[in-house]
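The values are calculated or read from the model by the stated rules, or taken from the named source; none is laboratory data. Please read all numbers here as calculations on a predicted model, not as lab measurements. Glycine also receives a Cβ, built like all others from the backbone with ideal geometry; neighbour counts cover every protein chain displayed.
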Amino acid sequence: MPGVPNPFGFDMNELMRMLQSPGPVNMEVALTTARAMATVDLETGEPRAEPAVTPEQAQAFEDVVRAVQLVVGETTEVASALTLRARCVDRATWAETTLSGLETVLTALARSLGRSTSGPADLTSAEGVSPDALIGMIMQQLVPLLLGGWAGSMIGLLAQTALGQFDLPLPLDGPPTLLFVARNVDDFAQSWSLPADEMRYALALRETVHGAQRAVPWVRERIVELACTYVSAYEVRPEAIQDQFGDLGFDPNNPSAMESMTALSDPDVLLGAMRSERQAPLLADLQRFVAVLEGYTDVVVESIGDRVVTSHARIDEALRRHRLERGDAASFVDRLLGLELDRTHYDAGVAFCRGVVERSAGQLDQLNRLWTSAAMAPTQAELEAPGLWLARIDLP
């Protein structure tokens with residue numbers, strides 16, 4: 001897994017400036033790494049020039065988004081769906097925009113790790129610096145750099161295959177923008193032998209429904225809040241890190257063994273040492289909420305797409321496969337931020353939304369009440385029995 005970023009040929013002055021970036025997350029390192037990883041050739045590891053988005057590509061998406069927004073606004077009853085901004089971008093721009101949206105959650109994560117690794121006030125004993133204190137001191141210095149490197153690497157890698165802004169249900173702060181990575185969309189359509197115009201419509205439809213959800217202030221705030229609460233419950237356990245060092249022959253009193261610290265450049269090493277029991281119920285809350293958002297999108301896309309796109313069933317199945325088979329980078333981001341949704345979670349969200357629609361004479365009006373307030377978010381019992389949710393929201 002990518003860790004502390006390769007400087008990709010930057011001179012030492014520029015590298016030192018990046019490393020001195022203030023804040024709990026080194027966003028200079030994150031953004032620089034993301035841009036580099038988004039444009040690197042994954043086979044050779046060499047940087048490669050990224051083709052500019054052509055006016056024709058931008059116009060094609062602009063036309064289809066305008067048409068999609070009308071039908072999504074009417075179907076979801078979210079008026080702000082009509083005013084969502086859409087952009088056709090390259091991979092580096094997608095990575096930069098996504099990282100900026102994640103800064104709130106990454107900051108919460110960094111502060112949590114900073115608290116967990118602050119170490120005891122008395123760092124020394126008769127035998128010298130204690131191992132726990134040494135690890136605490138090192139981690140205090142490394143957390144901003146490591147998080148910047150991890151975040152930049154992961155988001156940069158995701159940019160290599162991302163089709164739109166909401167490929168992953170990331171907890172992005174700020175008003176939503178529809179981003180379409182033109183090069184990736186064309187490559188995806190070609191690899192699946194899909195009609196390019198119908199592919200654009202199907203993708204724009206799915207992205208616009210997601211964007212309509214995020215345009216509802218309480219929805220956007222809720223997913224960011226749930227993610228921040230989850231990552232704030234991480235606890236770095238020095239004994240767990242010491243176990244890792246022990247496996248590597250780490251001896252804090254042996255300066256030559258400091259090479260073992262390179263284990264920290266592998267995010268899986270720390271991820272296993274960071275989880276806490278407090279996160280289990282928080283993870284369940286976040287997964288349930290995201291599952292409902294994804295289930296709603298699937299139901300709405302199905303109801304609209306089948307009517308207007310000839311190849312919709314085939315395209316949507318390809319998009320679902322894309323969602324579930326995203327590779328190691330997406331898997332790590334999912335686990336780090338509490339977005340570990342498998343097919344079971346997605347199926348539960350779809351079943352809930354379909355159950356509400358079926359009990360509402362096949363109409364979406366009751367399901368659309370989800371967007372009226374945070375109190376409408378279903379509980380676990382209601383997710384499993386949609387009738388309970390309908391009964392609750394109809395109570396005076």
Flagged in the range 345-367 as under 14 Å from LEU388 (Cβ atoms) and out of contact with any Pro (no Cβ under 9 Å at 6 or more places or on another chain), in numbering order, are GLN366
Would a scan of the range 198-221 turn up a residue that is crowded, with 17+ Cβ neighbours inside 10 Å, touching a residue at least 12 places away in the same chain (Cβ under 8 Å) and more than 19 Å from VAL301 (Cβ to Cβ)?
yes
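Among ALA318, ALA284, ALA313, which is the only one that is exposed (fewer than 14 other Cβ atoms within 10 Å of the Cβ) and either at pLDDT 90 or above or within 19 Å of the chain's Cα centre (by Cα) (or both)? I'd like the intermediate steps shown before the answer.
Details: ALA318 fails: exposed (fewer than 14 other Cβ atoms within 10 Å of the Cβ); ALA313 fails: either at pLDDT 90 or above or within 19 Å of the chain's Cα centre (by Cα) (or both).
Selected residue: ALA284, the only one of ALA318, ALA284, ALA313 that is exposed (fewer than 14 other Cβ atoms within 10 Å of the Cβ) and either at pLDDT 90 or above or within 19 Å of the chain's Cα centre (by Cα) (or both).
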Of all residues in the range 325-347, how many are outside any loop (DSSP other than H, G, I, E, B) and over 12 Å from the mean Cα position of the chain (by Cα)?
6
Matching option when the condition is over 16 Å from the mean Cα position of the chain (by Cα), closer than 30 Å to PRO55 by Cβ and at pLDDT below 95, among ARG237, ARG183
ARG183
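For the range 246-254, indicate whether the set of residues that are in a helix (DSSP H, G or I), at pLDDT below 65 and out of contact with any strand residue (DSSP E or B) (no Cβ under 9 Å at 6 or more places or on another chain) is non-empty. Walk me through how you get there before you give the answer.
Of all residues in the range 246-254, those in a helix (DSSP H, G or I) come to 246-247.
Retained after the next criterion (residues that are at pLDDT below 65): 246-247.
Narrowing the set further to residues that are out of contact with any strand residue (DSSP E or B) (no Cβ under 9 Å at 6 or more places or on another chain) leaves 246-247.
There is at least one residue in the range 246-254 that is in a helix (DSSP H, G or I), at pLDDT below 65 and out of contact with any strand residue (DSSP E or B) (no Cβ under 9 Å at 6 or more places or on another chain).
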Within the range 1-109, considering only helices (runs of 4 or more DSSP H) that don't extend past its boundaries, which have at least 3 residues that are at pLDDT below 85?
12-19
Let me spell it out: the conditions are (1) modelled with pLDDT under 95; (2) assigned to a helix (DSSP H, G or I), and PRO175 meets all of them except one. Which number is the exception?
(2)
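Rundown of residues vs (1) modelled with pLDDT under 90; (2) β-branched (Val, Ile, Thr), yes/no style:
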| residue | (1), (2) |
| --- | --- |
| ASP328 | yes, no |
| LEU341 | yes, no |
| TYR346 | no, no |
| PHE352 | no, no |
| ARG369 | no, no |
| THR372 | no, yes |
| THR379 | no, yes |
